[in-house]
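Beneath this line is the structure, given in structure tokens, with notes to follow.
No value in this document is a laboratory result; all are computed from the given coordinates. Computed from a prediction, not measured in an experiment: that's the story for all the values here. Every residue, glycine among them, receives a Cβ derived from its backbone with ideal geometry; neighbour counts consider all protein chains shown.
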Amino acid sequence: MNFLRGVMGGQQSAGPQPSGAETIQKLCDRAATSTLIDDRRDAVRALKSLSKKYRYEVGSQALEILLNVLQTDRSDSEIIGFALDTLYNIVSNEAEEAAECEDENPQVSDDLGVHFSELFLKQQENITLLLSVLEEFDFHVRWPGVKLLTTLLKQQGPQVQQIVLVSPMGVSRLMDLLDDSREVIRNDGLLLLQQLTKSNAAIQKIVAFENAFERLLDINAEEGNSDGGIVVEDCLLLLQNLLKYNNSNQNFFKEGSYIKRMKPWFEVGDDNSGWSAQKVTNLHLMLQLVRVLVSPVNPPGATSSCQKSMFQCGLLQQLCIILMATGVPADILTETINTVSEVIRGSQVNQDYFASVNAPSNPPRPAIVVLLMSMVNERQPFVLRCAVLYCFQCFLYKNQKGQGEIVSTLLPSTIDATSLSAGQLLCGGLFSTDSLSNWCAAVALAHALLDNFTQKEQLLRVQLATSIGNPPVSLLQQCTNILSQGDKINRRGSKVQTRVGLLMLLCTWLTNCPIAVTHFLHNAANVPFLTAQISENLGEEEQLVQGLCALLLGICIYYNDNSLENATKEKLKQLIEKRIGKENFIEKLGFITKHEYYSKAAQKPQPIFSSPDHMMFDHEFTKLVKELEVVITKAIYKSSEEDKKEEEVKKSLEQHDNIISRYKSVIREQDLQLEELKQTVTTFQTKNEQNQTIISQQQAQIQQHKDQYNLLKVQLGKDSQHHNVHTSNAQMNGIQSEEVLRLREEIEELQKQQESLRGELSDKDSLIESLKQTQLDSQTVQVTGVSEPNAEYKKELEALRSQLHVQSAEINRLQAERTELLQKIEGKASDSGSSGLSTLSTNTEWEEKIATLLQEIASLKGELKAASEEGSSLRQQLDTAQSTAAILQDEKLQLHQDISESKKEQDDLLVLLADQDQKIFGLKKKLKELGQLVEEEEDDDDLESGDDEDEDEEDEGGREGEN
């Protein structure tokens, strides 16, 4: 029918249209009760489209249903993505959405995001559920999840941080976002981690140990460092969150050698014009990150180690290049100056390097001079001048060498008229007509004198030429002259600022320097001027000057050495009591610490002021005031008797200190002698150990050479056996020279034995012939009478024959051996005609090596003997040194005994004096009893004269008794 009405031109009945709340209610019912996943998905998609316009209705009706969808429909990534988008729209407080909410629902407050965030966090499991959802790799699930968690951290940061911290692997899951290949998720992950790490040291440590520094620095490098975009800025902000006020992460960053990876950030070219706004922002954050590592509020040890690392890796040098470069934007230059200031603050090596830096000008000028020129130039921006002052203060902080160099540029002997020095710039700024230049120059010069007594004395020598024809005046006198003139000089800027700066300079100069106090009091007009300033009732602006005048006068009292009769401590205190009053003086002195500018300056070393008129106090001066206020108050209320007692005590203490220092010097000398002797003993012991080591090494070498020698002998024996085995095959390569000699010797011996045996054989033959002839003769002459001798001769003949037979057999054997040896030698000589020469040369080389080894062994034995003799001499020297040390120790003990005995003698003398006083008192009493007149002594100093008179009276009484 509706279709027909439309066709025929009839009008449809205008029924009541459902409201937004009703539609949302129906969609929530469908999302909660539908059994088909498609119906639930369509309902959640519709809720997402309505969540921006009907934020309150969707949040109040669908929040629990959407959380239930996240739990039950995890398998469908599409519905999970719709649910996360809807939750993000509900919780987010973006400007456009807030405006829409105000148009549609005026009654809804501006803190809808906070309200729905609280509802979301009523159950901690919701955050755990959201963290588990972030593990999904699907872009339409992970990205809205990241945005939702980031918004929750913005609305309810500490509560969400605590839940993530106790969740298992919670931080690790979020760190995985940095490794996502999709840049959108990675960049939003950076924003998430920024919110997560805000003001939570525990999470910062976990993130740092999840390799965050490495990942962030890699992202920085990939994006182009300072030339990168907004991603570099997000990385730097996250790095600041991790490092700022977190000493553990700072130490981890330094130990991980990440400081050297910061150097490429500051590599700028020659043409520095046309920097983009993003590059300026990135470089500004990079400089701030360097300052986080070397901030004065960090522990001193951590700061000094970071400063050392920055110098070693060349980061400080790179910052100085930016400092002296041209075309750098003003805010980057200012922040660079502040960064260099904190990198060199308190580090002697860095301060020395900074002093050597020259500006690229013609002629080259030191960087300090160029910076001071900017500081005293009133045309420069105020922030830049403050940065230069801070840089100069950091250069002189705990740097006595630098203080001496600055003061030396003011002394007459070192002034160079052709070049502009730091001292000339400071004097020019101190006496210019710009009050800010006066204040900055005064504070800078005060830092050149801080805690340096020598430079305070040296600065008294500075003479200034005020005008042509007038004699020069001292710098101290000129400062007091300008101070007394007050408002008579027309100056640009605050009227009080110049006087405050000069008073701070004078207070710093005179503190702990009695000579400077004497010079100041020598001018008779200074004390009346100070008392007049303190006693007047002026406005609030002048109260600060009155307090500083009171502080300066108190310093003149406390550090007064009473060298001027007209300006002693007592007279100055009497002057205060008559002209000002002690209570009034202390009240005016308290004006300094009660002033708001004092409280602001005492917070940080860096001079940060909103305007030049607020530039009144220096950080180091506030610490000085805090120390001096207490001691000056005590000094004002002390009476003259207390001062005298204090001076007496000081004198006695000085005497005792002198005695103690004298003994200390003696003991110190003895300790030095003992140390020298100990060092000598140590040296001897070291030498002895070295010699023992050398001896052991030489013995090892000797043993090694012996082993080598024995090994060579064995090898020679094996070679000879090897050659003897192969002689049967007629393939000999030669014989050893020793074997040849031995064979020749045996042949000669055999020849000699053969000759001797032949001689014996010829003797025996002659003997046999003689015996035969004798036997024949005896047979013819005597036949019967010689039967018995014939038997004997026969026996002897038989014995001789047997002996002859044995000898002939031996001769035959020896002749056979001789023949065999001759054949052997001839065969060897003939066969080894060519090959034997090489073998003989090899044998000759072995013989030479053996001879060399024998010589080395002999020399090593000699060295071993010399080393043993040297060791014995060293032992004797060691014994002598030990005996000398024992003697010195006995002398030291004897000195201590003498000191104790002298103390005992002093005590005994005191006891004797007390006994003498008692005896004198008894004698006086006896004389009074006898009726003698005894005068009472008023002082103890007349005691000796009274004793003499008593002795005279006793003598006269004795004489009268004798008469």
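Which whole-number percent is the relative contact order of the stretch 149-243 (Cα, under 8 Å, 6+ apart)? Before the final figure, lay out the partial values.
On the way: 81 pairs, mean separation 26.9, N = 95.
Once normalised by length, the contact order is 28 percent.
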So what does the Cα-only Debye profile of the stretch 108-264 read at q = 0.09 Å⁻¹, as log10 I(q)/I(0), no solvent term? -0.30
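Could you compute the net charge surrounding CYS394? Neighbours are other residues with a C-beta less than 9 Å from the C-beta of CYS394; K and R count +1, D and E count -1.
Details: positive: ARG345; negative: GLU342.
So the surrounding residues net to 0.
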Report, in listed order, any pair from LYS205/LYS279; LYS154/LYS260; LYS573/LYS604; LYS904/LYS926; LYS401/LYS456; LYS398/LYS664 with a Cα-Cα distance greater than 24 Å. LYS205/LYS279; LYS154/LYS260; LYS573/LYS604; LYS904/LYS926; LYS398/LYS664
Taking 0.36 nm per residue of separation and subtracting the Cα-Cα distance, what length does fully extending GLN655 through ILE702 add? 10.0 nm
Can you compute the modelled spin-label distance between ASP29 and ASP331, with each label point 7 Å from Cα toward Cβ, in nm? 5.7 nm
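Which values, in whole Å and largest first, are the semi-axes of the equivalent ellipsoid of the stretch 340-446 obtained as the square root of 5 times each eigenvalue of the Cα gyration tensor? Before the final figure, lay out each step's value.
Values: eigenvalues 73, 58, 41 Å².
Value: 19, 17, 14 Å, ordered largest first.
Which of the GluC sites (Glu not before Pro) found in the stretch 524-614 are loop residues per DSSP with 14 or fewer other Cβ atoms within 10 Å of their Cβ? The partial results should precede the final answer.
Working: sites: GLU536, GLU540, GLU541, GLU542, GLU565, GLU570, GLU577, GLU583, GLU587, GLU596; in loops: GLU536.
Counting only loop positions with at most 14 other Cβ atoms within 10 Å, the GluC sites (Glu not before Pro) in the stretch 524-614 are GLU536.
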If Lys and Arg each add +1 and Asp and Glu each add -1, what is the summed charge of the other residues whose beta carbon sits under 11 Å from the beta carbon of PRO514? -1
Under a plain spin-label model, where a point goes 7 Å from the Cα along Cα-to-Cβ, how far apart in nm are LEU538 and VAL666? 5.9 nm
Send over the semi-axes of the stretch 499-584's equivalent ellipsoid, whole angstrom and largest first, taken as the square roots of 5 times the C-alpha gyration tensor eigenvalues. 20, 16, 10
Take each of the peptides 210-219, 58-67, average the number of other beta-carbon atoms within 10 Å over its residues, and list them starting from the highest. 58-67, 210-219
Note on the stretch 267-382: alpha-carbon gyration tensor, axes a ≥ b ≥ c; rule is a/c under 1.5 for rounded, else prolate if a/b larger than b/c, else oblate; result oblate
Suppose each label sits 7 Å from its Cα in the direction of the beta carbon; what would the GLU210-GLN918 distance come out to in nanometres? 8.7 nm
